[in-house]
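Report on one structure; see the data block that follows.
The values are calculated or read from the model by the stated rules, or taken from the named source; none is laboratory data. Source: prediction; values computed, not measured. No Cβ is skipped: glycine too gets one built from the backbone with ideal geometry, and neighbour counts run over all protein chains shown. What goes into the accessible areas is simple: the full protein's heavy atoms, side chains included, and nothing from ligands, DNA or RNA. Shrake-Rupley method; radii C 1.70, N 1.55, O 1.52, S 1.80 Å.
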Amino acid sequence: MRRWGYRHVITPLVESMEVLDLGLGVDQRRRLFKFTDQRGDVVAMVGERTVPVARLAAGKLRGAPLPMRLCYSGPVVSTDEGRFQHRRETYQVGAELIGASGPVADAEVIALAARCMEATGIRRYQIDVGHAEFFHGIMDAVRLPDDVKAAVRAALAARDFVALESLLEGTPLKSAEHELLLRFPALRGGPEILDAAGGLVRNKRSEAAVAELARVRELLVTQGIGEVVVLDLGAIRDFDYYTGVIFEGYGPDLGQPIAQGGRYDGLLAKFGRPAPATGFVIQLDLVSEVLASSQLPRIDAAIAWSGTGLNTALRLGSTLRLFGMRAIVDTEARGAPDAKSWWRAVGAANLVYCRGSADVTWSTAGQRARNLPPEQVAARLAGGIA
């Protein structure tokens, strides 16, 4: 995030409910842990950090020129046990681009989210990109009570199409409108769905969303991530403040999104500084689960030693780390058989066994070399020969 020009800021874990009331909807406020402070004021532990960042940008950073690029990290909590993979707490890192509107800014944030997912070590991922205005345009065009519209939104956000159809059966919608609400969530795929979407809707709000989404995709292709982008016009986010392009990033074999974000142009005005904005968060707890389930070794070299080999092992470990490798040095002397057992237990790709200053054995799957000088072992490992 810093390489992209984002400045790190710190936001609080506990916020006043007066602040959170401005940015969150009823359902989001319901999921907060609330308590009173010594003055009797109601405060809450934050369930997301976009609202605190918006307050910061409109308050202490009010004099900073726009556009403003901010990034942050910290825990968030929720009373809903199922929200964070059966936990009440997760750890997030996020970035917000404040004061920039349009497809170029949206594409920057999506591309940054993709590169951040890569930086965590995830190599196979997918970014689903949608637009909140496409859904809002459809809902404006159908005549439904507000409570029914809220229920439709909740069913779509949960991808509960059985509940959606049941809701629509009890409404006076025309057959064409009924069919539209059931069909548009299936608009998911490549650029061809944009033409299909344009043929389904006849309102300017949804049509403008389709055009903007097409431009964002073009920019993402230019930035080299077009292959991982899937357009999803049926995407509905569970936060009320989203107003434009929205997206979610998925890792391999994980049903929950690792990255989530989108445009929220109306939020900062609630804090007295009207400005367009877009951003995202990455759930580091989910990243950890993805990496832990992969079959790739997480340790490049396990360095064991015996006799006078401790100093050699320590120097070799430091050298490998300077090359960017993950190396661990055993904390106790071991014989060769015990060293091999320890190597297998830690799951390292390579075993280096130091008996003295110039007596080093290097082992990996199918290969072994004895009596190598430490410098040669380091060169082989760092050069990718192992």
Next item on the list: Heavy atoms only, probe 1.4 Å: what % of the accessible area of the chain goes to carbon and sulfur, would you let me know?
Entry: 52 percent
Notebook entry, point to check: Using +1 on the beta carbon of Lys and Arg, -1 on that of Asp and Glu, and nothing else charged, what's the dipole of the chain about the Cα centre, debye to 20?
Noted result: 1320 debye
Notebook entry, point to check: Label points 7 Å out from Cα along the Cβ direction at Glu207 and Ser166: separation in nm?
Noted result: 3.7 nm
Notebook entry, point to check: For Leu66 and His8, FRET efficiency with R0 = 22 Å and r from the beta-carbon atoms, rounded to 0.05?
Noted result: 0.75
Item checked: Folded to 0 to 90 degrees: helix 103-119 orientation relative to the chain principal axis, Cα -> 30 degrees
Next item on the list: Evaluate the charge dipole of segment 1-99 about its Cα centre and quote only its size in Debye, nearest 20, assuming +1 on the Cβ of each Lys and Arg and -1 on the Cβ of each Asp and Glu.
Entry: 420 debye
Next item on the list: Give the accessible area for Tyr6 in Å² (nearest 10); use a 1.4 Å probe, count only protein heavy atoms, and leave out ligands, DNA and RNA.
Entry: 10 Å²
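How large is the convex hull of the C-alpha atoms of the chain per residue, in Å³?
Looking at the chain, the number lands at 189 Å³ per residue.
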Next item on the list: Per residue of segment 52-65, in order, report the coupling 6.51 cos²θ - 1.76 cosθ + 1.60 (Karplus, θ = phi - 60°) as ³J(HN,Hα) in whole Hz, putting x for Gly and Pro.
Entry: x, 5, 4, 4, 5, 5, 8, x, 4, 9, 4, x, 6, x
Notebook entry, point to check: Using θ = phi - 60° and the Karplus form 6.51 cos²θ - 1.76 cosθ + 1.60, what ³J(HN,Hα) does each residue of segment 213-220 get, whole Hz, x for Gly and Pro?
Noted result: 5, 4, 5, 4, 4, 4, 5, 5
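For the chain, what is the calculated [θ] at 222 nm in deg cm²/dmol (nearest 500), taking -39500 (n - 2.57) for each run of four or more DSSP H residues and dividing by its residue count?
That comes out to -11500 deg cm²/dmol.
Between Val346 and Gln367, what FRET efficiency comes out of the Förster formula 1/(1 + (r/R0)^6) with R0 = 22 Å and r the beta carbon distance, rounded to 0.05? Write down the numbers at each step before the final one.
Working: r = 19 Å, r/R0 = 0.85.
E between Gln367 and Val346, to the nearest 0.05, is 0.75.
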Item checked: Stokes-Einstein translational diffusion, segment 1-137 - Kirkwood Rh over all Cα pairs, 0.890 mPa s, 25 °C, in µm²/s -> 146 µm²/s
Note to self: Just to be sure I understand: of the beta bridges DSSP finds with both ends in the chain, what percent are antiparallel, rounded to 5?
What the structure shows: 80 percent
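How do the peptides 58-68, 102-112, 250-260 rank, highest first, by the average count of neighbouring beta carbon atoms within 10 Å per residue?
On the way: 58-68: 13.3, 102-112: 21.3, 250-260: 18.1.
Per-residue Cβ counts within 10 Å, averaged per peptide and sorted highest first, yield 102-112, 250-260, 58-68.
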Margin query: If you fit an axis through the alpha-carbon atoms of helix 310-322 and take the longest principal axis of the Cα set of the chain, what angle between them do you get, 0 to 90°, nearest 10?
Written below: 30 degrees
Note to self: What does DSSP give for segment 1-101 in terms of the percent of beta bridges that are antiparallel, rounded to the nearest 5?
What the structure shows: 90 percent
Note to self: With a cap of 15 neighbouring Cβ atoms within 10 Å, and only residues DSSP puts in a loop, list the GluC sites (Glu not before Pro) found in segment 10-95.
What the structure shows: Glu81
Next item on the list: In vacuum, with every alpha carbon of segment 72-212 counted as one equal point scatterer, what does the Debye formula give for log10 I(q)/I(0) at q = 0.15, 0.17, 0.19, 0.22 Å⁻¹? Two decimals, please.
Entry: -1.02, -1.17, -1.26, -1.32
Notebook entry, point to check: If you place +1 on the Cβ of every Lys and Arg, -1 on the Cβ of every Asp and Glu, and leave all else neutral, what size is the dipole of segment 197-327 about its Cα centre, to the nearest 20 Debye?
Noted result: 400 debye
Item checked: P(r) of segment 1-79 over all Cα-Cα pairs, binned every 10 Å from zero, in whole percent -> 17, 46, 29, 8, 0
Note to self: Between helix 146-157 and the chain, what is the angle of the helix's C-alpha long axis to the longest principal axis, kept within 0 to 90° and rounded to the nearest 10?
What the structure shows: 30 degrees
